[in-house]
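Asker: Mind looking over this structure? Questions follow.
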Amino acid sequence: MTPTTFGAAAQGFVRDLDEDFARIAATIDRARAAGVQVLALPEAAMGGYLSSLHDVPGTPADRPPQLDPDGPEVRRLAALAGDMVVAAGYCETGDAASGGRPYNSCVAVTGDGVLGRHRKVHQPINENSSYAAGDRFAAFDTPYGRTGMMICYDKAFPEAARALADDGARTVLCLSAWPASRTNRAPVLAEDRWARRFDLHDRSRALENQFVWVSANQAGTFGDMQLVASAKIVDPGGEVLATTGSEAGLAVATVDVDAEVDAARRVMGHLRDRRPAAYGPGPVRAGV
């Protein structure tokens, strides 16, 4: 069993793609110098996120640039990645299935090309005014083991992480642009209730599924949002191995994924010990 060094970035991004790629290149260089083999960059790293979740963007210029999933920006990311696995988020050009509406997407690449893709399934607040939703969670193979991806609010749904675990993922890269609360914001960002929820979701999803969780997030401010940073790597027992806290930065930790996952699941195997027949679909109740 071979250890893998993971990196999770807390970093801000903007509408200007050249500026974003300058920031991405600098972060990849820093990660490479730290020995990182798998790097998670935030949601919307290529082109920036929405400037508000509470108002429909007023003009087309306020929307992120829509990128071809096989276009020059993804190839540029792959060239920067080289021998690393790098995951980053972007606004994907819509297709016939979405009626031309774009997707909030992410891609995992190496210098050899694309390894995996994900379209954000769960849409918070007013995000559905700007994006079409994805419809699946699927793991994929990388040089460092079977991996899954999700975006931001996806992690609030235990079923999403469980679907990736069921598909064999032993590592999940979660890419976010998670803000602090809009009302009654705590004076200290680390104590904000939305920041606490972000951390609780990260630790819970890792522990429930007993896999390695790599959580990247935007940092700083964008539009009317304060982003909570808090990039981290969490082990299969739900313990935080490294975090940026409420600051921009790079969290780095080395994990022998197979050894740690196997050890976590050996006695109390959460996937093995499930009793799906007991859970059932349950009644559908209005407003629930």
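Asker: Quick one: would you say residue 227 is farther than 14 Å from residue 40 by Cβ, assigned to a strand (DSSP E or B) and in contact with a Gly (Cβ under 7 Å, 6 or more places away or on another chain)?
Answerer: yes
Asker: Given the conditions (1) touching a residue at least 12 places away in the same chain (Cβ under 8 Å); (2) out of contact with any Cys (no Cβ under 9 Å at 6 or more places or on another chain), which single one is not true for residue 202?
Answerer: The number of the failed condition is (2).
Asker: Moving on. Out of region 1-24, which residues are assigned to a loop (DSSP other than H, G, I, E, B), in contact (Cβ under 8 Å) with a residue 60 or more places away in the chain and over 15 Å from residue 231 (Cβ atoms)?
Answerer: Result: 1, 2, 3, 14.
Asker: OK, next. What strands (runs of 3 or more DSSP E) completely inside region 69-131 contain at least 2 residues that are touching a helix residue (DSSP H, G or I) at 6+ places or on another chain (Cβ under 8 Å) and surrounded by 24 or more Cβ atoms within 10 Å (Cβ to Cβ)?
Answerer: 85-92, 103-110
Asker: Let me ask another. More than 30 Å from residue 90 (Cβ to Cβ), in contact (Cβ under 8 Å) with a residue 24 or more places away in the chain and not in a strand (DSSP E or B) - does that describe any residue in region 244-257?
Answerer: Scanning region 244-257, I find at least one residue that is more than 30 Å from residue 90 (Cβ to Cβ), in contact (Cβ under 8 Å) with a residue 24 or more places away in the chain and not in a strand (DSSP E or B), so the answer is yes.
Asker: Mind checking whether some residue in region 162-172 is free of Cβ contacts under 8 Å to residues at least 12 places away in the same chain, at positive phi and outside any strand (DSSP E or B)?
Answerer: Within region 162-172 (the criterion being free of Cβ contacts under 8 Å to residues at least 12 places away in the same chain, at positive phi and outside any strand (DSSP E or B)), the answer is no, since none of the residues qualifies.
Conditions (1) under 24 Å from residue 117 (Cα atoms); (2) in contact with a strand residue (DSSP E or B) (Cβ under 7 Å, 6 or more places away or on another chain), marked per residue:
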site: 161; (1), (2): yes, yes
site: 165; (1), (2): yes, no
site: 170; (1), (2): yes, yes
site: 184; (1), (2): no, no
site: 192; (1), (2): no, yes
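Asker: Something else: Can you pull out every residue in region 153-182 that is open to solvent by less than 10 Å² (accessible area, probe 1.4 Å) and in contact with a Pro (Cβ under 9 Å, 6 or more places away or on another chain)?
Answerer: Matches in region 153-182: 175, 176, 177.
Asker: Shifting gears a bit: Identify the single condition in (1) closer than 23 Å to residue 220 by Cα; (2) at pLDDT below 95 that residue 17 does not satisfy, given that it satisfies every other one.
Answerer: (2)
Asker: Name the single residue that is nearest to residue 81 (Cα to Cα) among those in region 141-152 being open to solvent by 20 Å² or more (accessible area, probe 1.4 Å) and part of a strand (DSSP E or B).
Answerer: Ranking the qualifying residues of region 141-152, first place goes to 142.
Asker: Test of understanding: among 185, 265, 274, which residue is at pLDDT 95 or above and either farther than 30 Å from residue 30 by Cβ or open to solvent by 80 Å² or more (accessible area, probe 1.4 Å) (or both)?
Answerer: 265
Asker: Right, next: State yes or no: is residue 203 part of a helix (DSSP H, G or I), surrounded by fewer than 18 Cβ atoms within 10 Å (Cβ to Cβ) and of a type outside the set (S, T, N, Q)?
Answerer: no
Asker: Does region 25-36 contain at least one residue that is modelled with pLDDT of 95 or more, assigned to a helix (DSSP H, G or I), in contact with a helix residue (DSSP H, G or I) (Cβ under 8 Å, 6 or more places away or on another chain) and over 30 Å from residue 263 (Cβ atoms)?
Answerer: Checked against the condition, which is being modelled with pLDDT of 95 or more, assigned to a helix (DSSP H, G or I), in contact with a helix residue (DSSP H, G or I) (Cβ under 8 Å, 6 or more places away or on another chain) and over 30 Å from residue 263 (Cβ atoms), region 25-36 yields at least one hit.
Asker: When you look at residue 43, is it outside any loop (DSSP other than H, G, I, E, B) and in contact (Cβ under 8 Å) with a residue 40 or more places away in the chain, yes or no?
Answerer: Judged against the criteria, residue 43 is not a match.
The values are calculated or read from the model by the stated rules, or taken from the named source; none is laboratory data. Just so you know, these numbers come straight off a predicted model, no measurement behind them. In this analysis, Cβ positions are derived from the backbone assuming ideal geometry, glycine residues included, and neighbour counts consider all displayed protein chains. Accessible surface is based on the protein model in full, side chains and every heavy atom, while ligands, DNA and RNA are left aside. Shrake-Rupley method; radii C 1.70, N 1.55, O 1.52, S 1.80 Å.
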